[in-house]
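This report refers to the structure that appears directly beneath it.
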Amino acid sequence: MAQPGIRFLRGRHVRAPSPAFRIGNICDTRIIAMSATAIVIFAHGSSIESANESVRRIAESVSHEGGFDLVQTAFLEQGSPDLATAVAALVGQGATRVIVVPYFLTLGIHLQRDLPRIIGGLARTHKGVEIRATPPLDGHPALRTILQERARQALEAGRPN
């Protein structure tokens, strides 16, 4: 079973100096460490805690299924942690690059106005850490497939036996 901070490389277990480092090359005399990238799944947040918990489960799946070691959930409002707290925690774990993945369907006011402002402030706070955001989910081909699937399921559920 894999242990945090341990990577199996060329037949040997090697303990990384911290979770922030990934071993890039091993020779008898040197180790080349590469920077760690963190992922933040950034959602709006809800006063209904089960909705926030659903986003946390998605982030956990992204971590496990995507093979990402450093993944956090963050919320714009009504959920915890906020983006600043999540980024600070990831930087504390050694992240030198943070990719914010908005769990938003479209490019609304929060992604046009609020997210760039928040990221700008975080970049000033965490100098030397690259922080950037991906586009929202809108336009991804999987969304069309999901909508079609949901419509078909609803139609089938409405059919008499």
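Going by the structure shown, is Arg56 on the phi < 0 side of the Ramachandran plot and either modelled with pLDDT of 95 or more or not assigned by TED's automatic domain parsing to the domain that holds Thr134 (or both)?
yes
Does at least one position in region 99-113 carry a residue that is closer than 26 Å to Glu49 by Cα, of a type in the set (A, V, I, L, M) and without any contact (Cβ under 8 Å) to a residue 24 or more places away in the chain?
yes
Can you name every residue in region 108-146 that is basic (Lys, Arg) and under 16 Å from Ile39 (Cα atoms)?
Matches in region 108-146: Arg132 only.
Inspect region 59-74 for any residue being in contact with a strand residue (DSSP E or B) (Cβ under 7 Å, 6 or more places away or on another chain), touching a residue at least 40 places away in the same chain (Cβ under 8 Å) and closer than 19 Å to Leu137 by Cβ and give the result as yes or no.
Checking region 59-74: not a single residue is in contact with a strand residue (DSSP E or B) (Cβ under 7 Å, 6 or more places away or on another chain), touching a residue at least 40 places away in the same chain (Cβ under 8 Å) and closer than 19 Å to Leu137 by Cβ.
The values are calculated or read from the model by the stated rules, or taken from the named source; none is laboratory data. The shown structure was predicted, so the numbers you read here are calculated from the model rather than taken from an experiment. Here the Cβ is made from the backbone with ideal geometry for all residues, glycine too, and neighbour counts use every protein chain on show.
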